[in-house]
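The values are calculated or read from the model by the stated rules, or taken from the named source; none is laboratory data. Source: prediction; values computed, not measured. Every residue, glycine as well, gets a Cβ built from its backbone with ideal geometry; the counts of neighbours run over all protein chains shown.
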Amino acid sequence: MENSLLAEMTDEQLLLEKKKMQKSKMLNALVIGFLGGVVGVGLVAAFKSKNFVIIIPMLFPIYFMYKMLTKPNKHAELEALLKERGL
């Protein structure tokens, strides 16, 4: 979001955006946890069966987790504006 659009929003609109942001963060945490579980189960299965070729498909969930964790903080502007307005 552009900073100018956020600055023009009313307090109620900003609070709605804050709720959306919190839901988004919760969903991201859920997806990262799920993918972490998939990787964990895959690694245990690979070591237990001594078939290490199974580890190669585990790179996909690891890559997706990496992308979710390192994406830029797109909510920083909203958080700064909420803090500035005292919401």
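A few comments on the model shown:
- Members of the range 17-40 that are charged (D, E, K, R) and either without any contact (Cβ under 8 Å) to a residue 60 or more places away in the chain or outside any helix (DSSP H, G or I) (or both): K19, K20, K23, K25
- The residue that is surrounded by the most Cβ atoms within 10 Å (Cβ to Cβ), counting only those in the range 55-76 that are farther than 16 Å from L27 by Cα and modelled with pLDDT under 80, is A76.
- Within the range 1-33, being loosely packed, with under 12 Cβ neighbours inside 10 Å, farther than 14 Å from E79 by Cα and at pLDDT 85 or above holds for E12, K23, M26, L27, A29, L30, G33.
- Scanning the range 41-81 for residues that are more than 14 Å from the chain's Cα centre (by Cα) and part of a loop (DSSP other than H, G, I, E, B) returns K50, N51.
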